[in-house]
Every structure is written in structure tokens, then in C-alpha cells.
Amino acid sequence: MKNINCIKGTFDILPETSEIWREVESAVHDFMYVHGFGEIRTPAFEKTELFVRGIGDTTDIVNKEMYTWTDTDKAGTQLTLKPELTAPVVRSYIQHNLAGKNPIHRLYYIDSLFRRERPQKGRQRQFNQFGVEAIGSPFPEQDAEVISMAYQFFVSMGIEDLTVKINTIGSQDARQEYLKLLKEKLQPHAEELCETCQDRLHRNPLRLFDCKNPNCQALLDQYAPMISDNVSDEDSEHFETVLNLLDQLSIPYIHDKKMVRGLDYYTRTTFEITSTSLGAQDALCGGGRYDKLVETLGGKPTPAVGFAAGFERLLIALSSIKESEPEGINVYIVLLGEKAIPKGMVIADELRRTKGISVLVETLRRSMKAQMREANRSKAQYVIIIGEQEVESDLAQVKNMESGEQFDVALDQLAEYFSVDEDHHH
Ligand code: AMP
């Protein structure tokens, strides 16, 4: 029979790699804690409508990347595996009337997302993100805090070759004027654009900037007016203040006038952090302000700003700077003979429960030699050997694997023995 493998673009995380995942996850939790952000977890799937309304129906995600199916309920509700988290977080914010509880909410998440993209290095169909959404403040200091958090997190992880790209795409009111202008300027060159961009030019010309085709990019360079030059005075002022605050926080950035980000809900600030260690898919995180989304999804007008960072991308960047060494076990219990089995299991249980030390106990009934080899492989600090003889005499042999020292300890004294010097065991 043919083996069943996981779907293209999805991955298993095995024990030797899950450790680094836990390390980074716990770094995220600690980081969010010191910033006063609270964790939010939302369901794996939502009504399709949430994403169509929230992300916009001219975006790549909604157009071609969502995993959508029809529910078996009477209405035949369309459901979608979440392809991003801002819309679900805002949905939750509105549903639970968080606005009525406090004027500001600082939320973060770590979660899996699903997009039917073409798989390649750093681009998967199920991938993980951590991110923040600060909902409630219209002021530039909130943008600056969010950008600074993204930057400082990567710095704290030891990633050095970071670039912060920032831009303003103005408020949605000014956007219509700009889009008209953009269309006007590019219409005469429409024939030269790629097919997707010809469509974008009609449906949502802002998306032209997302195109990776060098020819389209060259046309934009030559003919496109830049959105940040076409925003209102208030938008410009907001942007200047964000940049000022970043200067004071010593965060280096470049104003990238062509960076508009791939989602329709952004207003004013957009930003991205890239790392040269990542290759073609070089974005570690992206985010921006989205002052209209809460309203679009049915809530009271509420300004907000956030970012989402790719977990796998961060791990790729980390793998080039540090080797992760799997942790060893504290104690391996070698068992010889059937009578030793219950003794060993009881001791293992006691050591784990009362001393909190990690214990592996033999369950394959192997030879002494094979068990010692296993103890070495598990990087055990101590081995406890219990054979028929040890059961008779109520003594166990304890071997310190580092020093090679070996001594007898009474079976009922083992727990005691392992609490004498905590440093030895951790
Ligand atoms: P986005 O939600 O598209 O703004 O993406 C935010 C971040 O998530 C990106 O900067 C990447 O680090 C990461 N990311 C987005 N799409 C994928 C994907 N298909 N596979 C892996 N990481 C991704």
C-alpha cells in the first residue's frame, strides 16, 4: 500500500525541532507580558464573509488562497480556514463588546494560518504567526510602539541584519483621489503590464505595487505617482510623528514609498521588517494601521494598528545564527529482570512528581549494555540501575554519568538523594 503523507506545503514538527519552537513561543509570551499585551485565541475557521469583507475581495488571499468549503447546515454557510488573524481578532473584539469595557485593548496571538500559496522556502500552506493588535488609539505613539515591539523582538532574538521599511498610504478618503490619479498615469501603458496587473489596474490599482514582475515594477518606477506624496496634511503629520518617535527610540528605518502591503484594510502607516538571511521570501513581519476595519466589520469606528510575524521565517533566520542542542534528561533508570520493573516505575513516578526531575525508564527490556547506550544517547546526568539483586537488597546503583562515580543508594532514599543538591540535576 502507498504511504499517506502530509499535504504539500504543510509540515510535521518532530521532537528535535519542537524545542526551538517552544523556546521562541515562550520568548514571545515573555515579551508580550512586559509590554502589557494579553493573549487572544480565536477558532481555526470562520465565516468566509468575515475575510471577504475584512481583507477585501481584490486581494490575492481572498481571490485565490483561501481554503473554503460549504457547511452541511441548511443555509449552506460558506466557511474558511483562517488565512490571517486581524479580521478574526476584530470580529472577536466586536462580538464581546470589548470597546464597552475599555477604550484600549492590547492583544497578541500565536497561531496557525492557512493559505493556498505556491509552496517554497519560507512559504507554506499552513504556517504560523505571532502578532499584536492594539485597538483603540488613533495616535502615532501607538504605531511607534507596535513597530518598535516588532523590531525589538527580533533584536532580542539575536537577529542582526534587520531592515524596517515604512510608508504611509493615507486615510481611505484621500485614497480614491490617488487611485484615480494612479489609474490615469498607468492607463497609457496598460498593454505593457502583466495580465494580473492589467486586471489590477481596473479592479484595485493599489495592488499593482504587490507585483513581483520586474517589468511592472519598472513601469511603476517610471510612471506611478507615489501614494505617500498624495495623502492629506493630517496623514503626513501623523507619519512624520511616527518617524520622529522611531528616531527617538533609535529604530533605524527606510521610507519605502512603494510599500503598500497586500491587504485592503490598511490606512496611514504600513511597515515591514526584512532580513537578508531569508533569501527571496525576506519578510519577517508586516503590519500597519487599520482605522476602518472595526467599522467595516460592523463595530463602532475604532482606530487600530498591529503586525503579524512569520514563525517559520524567524526560525530560518535563527537557524543561521544558532545551533539548537536538544536538552538531556536528568535520570535514566536501567531495569534488569522482571522484578525490577515495578520498582523502577514507582521510583520514576516519585522522582517526577515530588522532585520535578526528568526521568526515562526502560520499557524495552534490553540488555544492560543497550540500556547504558540509550542512557548516553538521552544525555542522562545520572543512571539508576535496578536489577534482581538490587531488589533483594533494597539498594540501587547510582552512576554519575559526568564523573563516572558509582555508589549504592537505598531504594527508599533515592528521592531524598536527588534533592540534596538541586544544581546537580538541572
Ligand atoms: P501577512 O499576513 O501576509 O502580512 O504576513 C505576515 C508575515 O507572515 C510575513 O511577513 C511572513 O513572515 C509570514 N508569512 C506570510 N505568508 C506566509 C506563508 N505562506 N508561509 C510562511 N510564512 C508566511
**Every pair of residues 6+ apart whose Cβ atoms lie under 6 Å, when the first sits in segment 245-258 and is under 15 Å from THR274 (Cα atoms) while the second is of a type in the set (S, T, N, Q) and modelled with pLDDT of 95 or more** = ILE251/SER148; ASP256/ASN167
**Message:** I need every pair where a residue in segment 59-86 that is free of Cβ contacts under 8 Å to residues at least 24 places away in the same chain has its Cβ under 9 Å from the Cβ of a residue that is in a strand (DSSP E or B) and aliphatic (A, V, I, L, M), sequence separation at least 6 or different chains.
**Reply:** THR68/LEU79; THR68/LEU81; TRP69/LEU79; TRP69/LEU81; THR70/LEU79; ASP71/LEU79
**Asked** Quick one: in segment 1-39, which of the residues that are surrounded by 10 or more Cβ atoms within 10 Å (Cβ to Cβ) and of a type in the set (S, T, N, Q) is farthest from LEU318 (Cα to Cα)?
**Response** THR10
**Prompt:** In this structure, does VAL305 turn out to be in contact (Cβ under 8 Å) with a residue 40 or more places away in the chain, hydrophobic (A, V, I, L, M, F, W, C) and in contact with an Asp or Glu (Cβ under 8 Å, 6 or more places away or on another chain)?
**Reply:** yes
**Asked** (1) in contact with a helix residue (DSSP H, G or I) (Cβ under 7 Å, 6 or more places away or on another chain); (2) surrounded by 15 or more Cβ atoms within 10 Å (Cβ to Cβ); (3) part of a helix (DSSP H, G or I): which one isn't true of ARG175, the others all being true?
**Response** (1)
**Prompt:** Got a sec? Which helices (runs of 4 or more DSSP H) wholly within segment 60-162 have at least 3 residues that are crowded, with 21+ Cβ neighbours inside 10 Å and within 16 Å of the ligand (Cβ to nearest atom)?
**Reply:** 86-95, 140-156
**Item:** Single residue of segment 35-83 satisfying the filter (basic (Lys, Arg) and over 30 Å from CYS197 (Cβ atoms)) that is farthest from the chain's Cα centre (by Cα)
**Value:** LYS74
**Message:** Take LEU314 and tell me if it is within 13 Å of the ligand (Cβ to nearest atom), modelled with pLDDT under 95 and either in contact with a helix residue (DSSP H, G or I) (Cβ under 7 Å, 6 or more places away or on another chain) or more than 21 Å from ILE110 (Cβ to Cβ) (or both).
**Reply:** no
**Prompt:** If you scan segment 257-281, which residues turn out to be under 10 Å from THR163 (Cβ atoms) and crowded, with 17+ Cβ neighbours inside 10 Å?
**Reply:** GLU272, ILE273, THR274, SER275
**Prompt:** Does any residue of segment 73-91 turn out to be aliphatic (A, V, I, L, M), touching a His at 6+ places or on another chain (Cβ under 6 Å) and more than 29 Å from ASP12 (Cα to Cα)?
**Reply:** no
**Prompt:** Conditions: (1) within 16 Å of the ligand (Cβ to nearest atom); (2) touching a Ser or Thr at 6+ places or on another chain (Cβ under 9 Å); (3) of a type in the set (A, V, I, L, M). ALA27 meets all but one. Number of the miss?
**Reply:** (1)
**segment 248-289: number of residues that are of a type outside the set (Ser, Thr, Tyr), closer than 14 Å to VAL305 by Cβ and away from the ligand (no atom under 14 Å from the Cβ)** = 1
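The values are calculated or read from the model by the stated rules, or taken from the named source; none is laboratory data. Owing to the predicted nature of the structure, the values given are computational and were not obtained by experimental measurement. Positions of Cβ are generated from backbone atoms using ideal geometry, with glycine treated the same way; all protein chains shown enter the neighbour counts.
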